[in-house]
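Worksheet for the structure shown next.
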């Protein structure tokens, strides 16, 4: 018989149109292969993912910044800072805007696990006139912000999608045991 279910709130922050909603819409299908993208409705938040592991059952409640409920009123267990790999300005805004918002908004920001997620990996182009945004640049920004993990994926092609959700699950499960930014360190996929 399994123990009680742990509810874990996961907040996705990042600029508009950086791919957060598409990422969440594909998350439910990571084990079944590519499926047509279904747009999520903001009024359906939080987006619920039921997960079972050796340590128990978990209910992941994902919130997107477009939520009708003010994200500043949430008490998230994990924050995922998202950027669009094809738009350098969204990575810059992680440092200029979003990490500062986390520190100002959440009193537990010192121990709150923060992950950095590069989205739209399929749009990375070597011939980008603004210069290609390489994984090393995203990792460097994540390290400067003392993020706990750096990840990239494409919700459209499914590239690294399963691995990203696995990493999110591992980090989220650890929140029931402790952890957070104070331990630092990043892993690149």
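Every residue in the stretch 117-140 that is touching a residue at least 40 places away in the same chain (Cβ under 8 Å) and under 15 Å from the mean Cα position of the chain (by Cα), please.
117, 119, 120, 138, 139
Go through the residues of the stretch 88-96 one by one and say whether even a single one is surrounded by fewer than 20 Cβ atoms within 10 Å (Cβ to Cβ), at pLDDT below 90 and touching a helix residue (DSSP H, G or I) at 6+ places or on another chain (Cβ under 7 Å).
Among the residues of the stretch 88-96, not one is surrounded by fewer than 20 Cβ atoms within 10 Å (Cβ to Cβ), at pLDDT below 90 and touching a helix residue (DSSP H, G or I) at 6+ places or on another chain (Cβ under 7 Å), which makes the answer no.
Touching a helix residue (DSSP H, G or I) at 6+ places or on another chain (Cβ under 7 Å) and over 24 Å from residue 7 (Cα atoms): is that true of residue 130 in this structure? Steps first, answer last, please.
Details: touching a helix residue (DSSP H, G or I) at 6+ places or on another chain (Cβ under 7 Å): yes; over 24 Å from residue 7 (Cα atoms): yes.
Judged against the criteria, residue 130 is a match.
When you check residue 106 against the structure, is it surrounded by fewer than 19 Cβ atoms within 10 Å (Cβ to Cβ), without any contact (Cβ under 8 Å) to a residue 60 or more places away in the chain and under 17 Å from residue 10 (Cβ atoms), yes or no?
In short, yes.
Take the residues of the stretch 1-39 that are crowded, with 18+ Cβ neighbours inside 10 Å and assigned to a loop (DSSP other than H, G, I, E, B): which is modelled with the lowest pLDDT?
The extreme case among them is 30.
So which residues in the stretch 109-140 are loosely packed, with under 15 Cβ neighbours inside 10 Å and at positive phi, if there are any at all? Spell out how you get there, then give the answer.
Taking the stretch 109-140 as the starting set, the residues that turn out to be loosely packed, with under 15 Cβ neighbours inside 10 Å are 110-111, 125-132, 134, 136, 140.
The one that is loosely packed, with under 15 Cβ neighbours inside 10 Å and at positive phi: 131.
The values are calculated or read from the model by the stated rules, or taken from the named source; none is laboratory data. In this text, all values refer to a predicted model and were calculated from it rather than measured experimentally. Here Cβ is always computed from backbone atoms with ideal geometry, including for glycine, and neighbour counts include all displayed protein chains.
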